[in-house]
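S.K.: This structure is in structure tokens; I'll ask about it shortly.
The values are calculated or read from the model by the stated rules, or taken from the named source; none is laboratory data. Keep in mind that what you see is a predicted model, and the values were worked out from it rather than measured. A quick note on method: Cβ atoms are made from the backbone with ideal geometry, for glycine too, and the neighbour counts reach across all protein chains shown. Just so you know, the surface numbers come from the protein's heavy atoms only, side chains and all, with ligands and any DNA or RNA stripped out. Shrake-Rupley method; radii C 1.70, N 1.55, O 1.52, S 1.80 Å.
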Amino acid sequence: MKSCYATRGFLACADPASELTLGEPFEVLDQVGRSLPSLLLENDARDYLLKVHVPDWPYINIPDDLWPQACLYYVRLGFIASGYINQVGQPACHALPTNLARPLCKIATLLQRPPILSYDGYALYNWKRFDLKKPVELGNIDTLQNFVHLYDEHWFILVHVEIEALAADIVDAVVGLKATLNKGPQDLTAKQVDSALDRVAVAMTKIIQVLQRIPDKMSDDLYFAKFRPYIGQFKDVVYQGVNIEPISFRGETGAQSSIMPLLTEFMKIPHQDNKLTRHLYDMRQYMPHDHRLLLAEVRAMQDIKMCASDEKFDAVLELMACFREVHYHWAIKYIARRCNDQQGTGGTPFMRWLKFLIEETRAHKCDGSHGTVVA
Ligand code: HEM
């Protein structure tokens with residue numbers, strides 16, 4: 001897919017497609033996708049869904065001009081598959097029927113990703129603008145696909161989308177420095193590094209303000225009981241018609257967004273290697289392929305700490321820590337207060353390690369002060 005890091009960050013260059021235009025047989029996916037929130041209220045939704053004739057992706061690859069179509073095809077199928085397996089109020093299910101499993105696996109292979117709905121399908125490709133002349137921001141965007149008839153779910157997704165749009169400046173600043181370094185490290189001036197850090201800081205400040213808006217239109221009760229279960233993991237699921245052995249995949253989580261991993265690699269924050277940070281690293285498999293490649297390139301970039309002014313370097317770390325702190329409070333409000341097992345969306349003991357991440361972000365500052373420790 002074509003990336004426009006400077007203007008769009010990790011969102012695609014073009015706005016997502018909002019309907020499938022691959023031919024009449026594909027209309028069924030739009031129809032079932034749009035009806036999914038109603039279907040999932042019915043006890044016999046699984047009976048209905050396993051009879052839907054889902055046409056295979058019609059090409060052996062993804063032609064350049066059809067990327068938005070391929071993404072929407074994956075969004076619709078990914079939502080339907082997760083709705084089928086994780087339907088609220090129904091017994092656990094460990095078999096995805098052939099009519100859904102085969103086409104989902106085929107498009108997932110072409111997208112070079114696991115066959116489950118991830119952050120890309122849930123947020124990055126799942127929005128439209130009301131007014132194309134206005135920015136990608138709350139108030140001007142809506143979702144294309146949902147699990148439930150609750151605006152709270154739209155809001156949850158759309159907050160992520162605006163954050164991704166705001167991150168364009170971060171991605172552009174980092175990619176710009178990377179390009180200068182590629183020409184020759186001697187070409188990199190302290191002024192360029194500081195100016196990139198300033199851009200990151202301005203964008204992070206706006207991102208934190210948007211993250212703080214989560215409770216404006218999202219109830220913690222509804223999130224936890226009504227729509228969070230749908231983005232849960234697939235545990236020991238047989239993809240019928242594809243493989244006989246049960247297989248497990250992580251659920252959708254903001255940990256599959258590339259923004260914080262990009263900044264972590266750029267700032268070279270030495271997070272301790274443990275089971276939990278390995279989980280975060282594992283989340284990269286669920287990111288779009290070109291984002292994974294960019295993360296690897298930024299990981300290989302020279303450390304800019306020595307070239308930066310202490311004040312600007314520390315300001316970015318403090319903003320990252322603030323983002324993680326606000327986020328930590330949402331994790332408490334929306335999840336931890338309600339369950340005993342402290343398991344995150346991806347099946348991790350997240351409270352402990354979300355806290356480590358905040359502390360380690362501050363510990364990397366030049367001034368050596370660790371700031372506030374989360375209570
Ligand atoms: C009610 C709102 C939210 C809740 C309850 C929540 C919950 C969680 C949980 C439980 C994890 C642990 C990951 C896992 O279990 O796999 C996580 C990680 C993460 N989430 Fe969220 N999240 C929320 C909103 C967001 C938003 C809006 C973003 C913005 C992109 C985001 C970005 C992240 C990131 C980057 C991580 C990895 C940890 C880090 O790097 O600090 N989350 N989230």
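Yes or no, residue by residue, for (1) open to solvent by less than 10 Å² (accessible area, probe 1.4 Å); (2) modelled with pLDDT of 95 or more; (3) closer than 15 Å to Phe227 by Cα:
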| site | (1), (2), (3) |
| --- | --- |
| Ile80 | yes, yes, yes |
| Leu100 | yes, yes, no |
| Thr109 | no, yes, no |
| Ile116 | yes, yes, no |
| Tyr119 | yes, yes, yes |
| Tyr122 | yes, yes, yes |
| Tyr125 | no, yes, no |
| Lys128 | no, yes, no |
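S.K.: Moving to a separate point now. Looking at segment 231-288 only, could you name the residues that are part of a loop (DSSP other than H, G, I, E, B), within 12 Å of the ligand (Cβ to nearest atom) and among the β-branched types (Val, Ile, Thr)?
M.R.: Narrowing segment 231-288 to residues part of a loop (DSSP other than H, G, I, E, B): 232-233, 240-246, 250-253, 257-258, 268-274, 287-288.
After this cut, where a residue has to be within 12 Å of the ligand (Cβ to nearest atom) as well, the list is 232-233, 250-253, 257-258, 269, 271, 287.
Thr253, Ile269, listed by residue number.
S.K.: Something else about it: Among the residues of segment 202-216, are any away from the ligand (no atom under 16 Å from the Cβ) and surrounded by fewer than 16 Cβ atoms within 10 Å (Cβ to Cβ)?
M.R.: yes
S.K.: If you don't mind, another one. Mind listing just one residue for me: the one in segment 144-162 that is within 16 Å of Ser38 (Cα to Cα) and in contact with a Phe, Trp or Tyr (Cβ under 6 Å, 6 or more places away or on another chain) and, of those, nearest to the ligand (Cβ to nearest atom)?
M.R.: Glu153
S.K.: I would also like to ask the following. Among all residue pairs at least 6 apart or on different chains, which show Cβ distances below 7 Å where the first residue, located in segment 320-341, is within 13 Å of Arg228 (Cβ to Cβ) and open to solvent by 40 Å² or more (accessible area, probe 1.4 Å) and the second is within 6 Å of the ligand (Cβ to nearest atom) and not hydroxyl-bearing (Ser, Thr, Tyr)?
M.R.: Trp330/Ile214
S.K.: Now for a separate question. Give the residue, chosen from Met287, Met267, Met260, that is under 23 Å from Leu166 (Cα atoms), touching a Phe, Trp or Tyr at 6+ places or on another chain (Cβ under 8 Å) and open to solvent by 20 Å² or more (accessible area, probe 1.4 Å). Quick ask: steps written out before the conclusion?
M.R.: Values: Met287 fails: open to solvent by 20 Å² or more (accessible area, probe 1.4 Å); Met267 fails: open to solvent by 20 Å² or more (accessible area, probe 1.4 Å).
From the options Met287, Met267, Met260, the qualifying one is Met260.
S.K.: Pick from Ala165, Ala196: which is touching a Leu at 6+ places or on another chain (Cβ under 9 Å), part of a helix (DSSP H, G or I), away from the ligand (no atom under 12 Å from the Cβ) and within 28 Å of Arg299 (Cα to Cα)?
M.R.: One residue alone meets the criteria, Ala196.
S.K.: Collect the residues in segment 296-314 that are in contact (Cβ under 8 Å) with a residue 12 or more places away in the chain and either surrounded by fewer than 18 Cβ atoms within 10 Å (Cβ to Cβ) or in a loop (DSSP other than H, G, I, E, B) (or both), keeping them in residue-number order.
M.R.: Scanning segment 296-314 gives Glu297, Arg299, Met301, Gln302, Asp303, Ile304, Lys305, Cys307, Ala308, Ser309, Asp310.
S.K.: Show the residue pairs meeting these rules: Cβ distance below 7 Å; 6+ apart or different chains; first residue within segment 46-67 and free of Cβ contacts under 8 Å to residues at least 24 places away in the same chain; second residue open to solvent by less than 80 Å² (accessible area, probe 1.4 Å) and of a type outside the set (Asp, Glu).
M.R.: Tyr48/Leu39
S.K.: Any residue in segment 214-240 that is within 25 Å of Glu162 (Cβ to Cβ) sitting within a Cβ distance under 7 Å of a residue that is surrounded by fewer than 17 Cβ atoms within 10 Å (Cβ to Cβ) and among the hydroxyl-bearing types (Ser, Thr, Tyr)? List the pairs, counting only those 6 or more apart or interchain.
M.R.: Final answer for the pair search is Lys217/Tyr151.
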